[in-house]
Every structure is written in C-alpha cells, then in structure tokens.
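See structure below.
The values are calculated or read from the model by the stated rules, or taken from the named source; none is laboratory data. This is a predicted model, so every value here is computed, not measured. Cβ sites come from the backbone with ideal geometry, for glycine too, and all protein chains shown count toward neighbours.
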Amino acid sequence: MERKKRSWIILGVLIVLIIGTIYSIEYIKGMGNGEEEELKCVAEKSILYVSKTCSHCANQKLILGDGLQYFELIDCAEDTAACQEAGITGVPTWEIDGELYPGVRSVEQLKELTGC
C-alpha cells in the first residue's frame, strides 16, 4: 500500500512540473507579441549582446521570436573584443543610443527604450 501511495505522489509531482513548464514557456512567448514593423524599428536602433551558452539569452531570443532575424546579435563568446570594447559585463545586454541595458527585455520595454 505504501508503494502505491508513493507512486501517486510521484505522478502528482510530475504533473505539476509539466504544467509549470508549459505555463513558463507560454508566459515567455507572451512577452513578445511585437508587430513586425515595430520589431524592425527596435532592431534598427539596437544591438543585442548574447552568448550561445546563456539561458537568459535563449529566453530573450524566444521573446523576439521570428523578429530575431532583424536584430544585430553579437556573441560575446565568439567576439570577445567587441564585447570588451562595448563594456559588456554580462549577457544578454542591449545597446541603445550608446547606453547599455543588461537583462531580458520585453518588446514593450524595447519599444519604449528605442522610441518605436
């Protein structure tokens, strides 16, 4: 009987984890929702510094969705000189009008920062 109870507990925990993961992915996707023209405008006025091994960078790319193609991305693992020259101390970091904005940003935040 104890074994059956433990199996139900494990199953319950797995269900909660799966639901939590799905909710997290949908939440991150929902932070995007930028129209194509607005994303192009933001992309023209910004540079995104990232690293392929950075999970926060992956979240930022997910937020940008298909609009990611319009952005200039500099991978700090591949181009350390460019990142050092720009003063990048962590990724993801946005450069907008010569100012650095570290961290993941929603499309709405990026539109506000760029004036798009």
Which of (1) part of a loop (DSSP other than H, G, I, E, B); (2) in contact with a helix residue (DSSP H, G or I) (Cβ under 8 Å, 6 or more places away or on another chain); (3) not β-branched (Val, Ile, Thr) does Lys52 not meet, given it meets every other one? (2)
Taking Ala58 as the residue in question, decide whether it is assigned to a helix (DSSP H, G or I), more than 16 Å from the chain's Cα centre (by Cα) and modelled with pLDDT of 95 or more. no
Scan region 79-116 for residues that are part of a loop (DSSP other than H, G, I, E, B) and not small (Gly, Ala, Ser) and jot them down. Asp79, Ile88, Thr89, Val91, Pro92, Asp97, Val104, Arg105, Cys116
Are there any pairs, at least 6 apart or on different chains, whose C-beta atoms fall under 8 Å, with the first in region 86-109 and closer than 12 Å to Ile63 by Cα and in contact (Cβ under 8 Å) with a residue 60 or more places away in the chain and the second exposed (fewer than 13 other Cβ atoms within 10 Å of the Cβ) and of a type in the set (S, T, N, Q), and if so, which? Val107/Asn33
Does region 58-116 hold any residues that are among the aliphatic types (A, V, I, L, M), over 16 Å from Glu44 (Cα atoms) and surrounded by 15 or more Cβ atoms within 10 Å (Cβ to Cβ), and which are they? Ala58, Leu62, Ile63, Ala86, Ile88, Val91, Val104
Ser46 vs. criteria crowded, with 18+ Cβ neighbours inside 10 Å, on the phi < 0 side of the Ramachandran plot, hydroxyl-bearing (Ser, Thr, Tyr) and touching a helix residue (DSSP H, G or I) at 6+ places or on another chain (Cβ under 8 Å): yes
